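Chemist: Please see the structure below; I have some questions.
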Amino acid sequence: TEAVFSLREELQAKRENRPFDLGEAMAREFEHGHFCQEIVTVSPSEAAVLHKFGFPHARVVGTYRPVTPTPRSFQDRAGLLFVGSLYAENTPNYDSLNWFIEEILPRVEAELGWETRLNLVGHVAPGLALDRFLSHSRVTWHGPVADLAPIYDACRIAIAPTRFAAGTPYKVYEAASFGVPTVITDLLLGQLGWSNEREVLAVPVDDTEGFAAAIVRLYRSEELWQHLRQGCCDRLQSEHNEDRYREALSHVLPALHRSR
């Protein structure tokens, strides 16, 4: 499982003040899970949830992401970057962009002025309107991009203003692998298991002013930028390297091999 979607749905229901039965949702999502010899998860916390709901054989494999920092200096970079696919309005990426562009970006623009530029990269589902995003004078839509290295090399900061989600935020791992510091919500900080001010800057969900202030602070401070760049690269290299990933897979694949 790339993410336990029932956990995401639970967070979304809380935001919308509507009832939600996690046990019922888990039973529906993992209806066929008992037939599986192995269930693979991306984080210990989601493995623990699966154990609680009757799947003791759930194992953590996690994520592998090689570290290849882009070379451009702090001073030669400009703008913010959001990478993520948009499939529907009731999804985390769409919700986070709506919050960011409607409420956070104007506050950033008030401080950074002409330097404010939000670059959006990713797939958009056919028929999904982006007018409310693209009408902003400080937003540039790039669409799907085959090679992300050049755009990560050009931008100074990545953002992940996610307010409900499950799994782990791959977009943060990806930005870290390119050596681009990210401003995120504390929801994602908990999923990552990283530290605020060490690998990322994290702000409480729905703290509009705090998120804008964190962006401005990081955008203006080369010292902080370099500190976070080194921190996220080191963390990724130590915890999400190829050797660890191979070891995690070795605990899953031999069991499947023996059963044949």
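The values are calculated or read from the model by the stated rules, or taken from the named source; none is laboratory data. The structure presented is a predicted model; accordingly, all values stated were derived computationally and were not measured. Note that each Cβ is placed from the backbone with ideal geometry, even for glycine, and that neighbours are counted across all protein chains shown. Only protein heavy atoms, including side chains, enter the accessible area calculation; ligands, DNA and RNA are left aside. Shrake-Rupley method; radii C 1.70, N 1.55, O 1.52, S 1.80 Å.
Chemist: Taking amide H atoms as placed 1.01 Å from N in the peptide plane, list the residues 5 or more away in sequence, or in a different chain, whose amide H sits under 5 Å from that of residue 200.
Modeler: 195
Chemist: A follow-up question, please. In square angstrom, what is the accessible area per residue of the chain with a 1.4 angstrom probe?
Modeler: The answer is 49 Å² per residue.
Chemist: In whole Å, what are the extents of the chain along the principal axes defined by its C-alpha atoms, from largest to smallest?
Modeler: 61, 43, 32
Chemist: Ranked highest first by average number of other Cβ atoms within 10 Å, how do 189-197, 3-11 line up? Could you put the intermediate results ahead of the total?
Modeler: Working: 189-197: 16.4, 3-11: 19.2.
Descending packing order for the listed peptides: 3-11, 189-197.
Chemist: Let me ask something additional. Between residue 142 and residue 85, what length in nm is gained on full extension when 0.36 nm per residue of separation is reduced by their alpha carbon distance?
Modeler: Values: separation 57, 0.36 × 57 = 20.52 nm, distance 1.19 nm.
Contour length minus Cα-Cα distance gives 19.3 nm.
Chemist: Let me ask another. What is the percent carbon and sulfur in the accessible area of the chain, measuring with a 1.4 Å probe over the protein chains and ignoring ligands?
Modeler: Working: 6380 of 12670 Å².
Of the solvent-accessible surface of the chain, carbon and sulfur hold 50 percent.
Chemist: Here is a follow-up. Test of understanding: in a Gaussian network model of the chain with alpha carbons linked when under 10 Å, which of 46, 24, 199 would top the mean-square fluctuation ranking?
Modeler: 24
Chemist: In whole Hz, with x marking every Gly and Pro, tabulate ³J(HN,Hα) for the stretch 227-233 from phi via Karplus 6.51 cos²θ - 1.76 cosθ + 1.60, θ = phi - 60°.
Modeler: Couplings: 4, 5, 4, 5, x, 6, 5 Hz.
Chemist: Right, another one. Order 99, 114, most accessible first, counting only protein heavy atoms with a 1.4 angstrom probe.
Modeler: Working: 99 5, 114 200 Å².
Ranking 99, 114 by accessible area, largest first, yields 114, 99.
Chemist: Continuing with the same structure: What are the residues whose amide H is under 5 Å from the amide H of residue 124, where those residues sit 5 or more places off or on another chain and H is modelled from the backbone?
Modeler: So residue 124 has HN proximity to 86.
Chemist: Let me ask something else. Enumerate the amide H contacts of residue 41 below 5 Å, restricted to partners 5 or more residues apart or on another chain; note that Pro and chain-start residues carry no placed amide H.
Modeler: Correct list: 59, 60, 61, 62.
Chemist: Suppose each label sits 7 Å from its Cα in the direction of the beta carbon; what would the residue 73-residue 195 distance come out to in nanometres?
Modeler: 2.9
Chemist: A further question follows. Given the Cα atoms of the stretch 9-126, and with Rh set as the inverse mean 1/r over their pairs in the Kirkwood sense, what is Rg to Rh to two decimals?
Modeler: On the way: Rg = 19.9 Å, Rh = 18.4 Å.
Ratio of gyration radius to Kirkwood radius for the stretch 9-126: 1.08.
Chemist: Could I ask something else about it? Convert each backbone phi in the stretch 99-115 into a coupling constant with the Karplus relation 6.51 cos²θ - 1.76 cosθ + 1.60 (shift: θ = phi - 60°), then list the ³J(HN,Hα) values in order as whole Hz, x for Gly and Pro.
Modeler: Once θ is set to phi - 60°, the couplings for the stretch 99-115 become 4, 5, 6, 6, 10, 8, 4, x, 5, 5, 4, 5, 9, 9, x, 5, 6 Hz.
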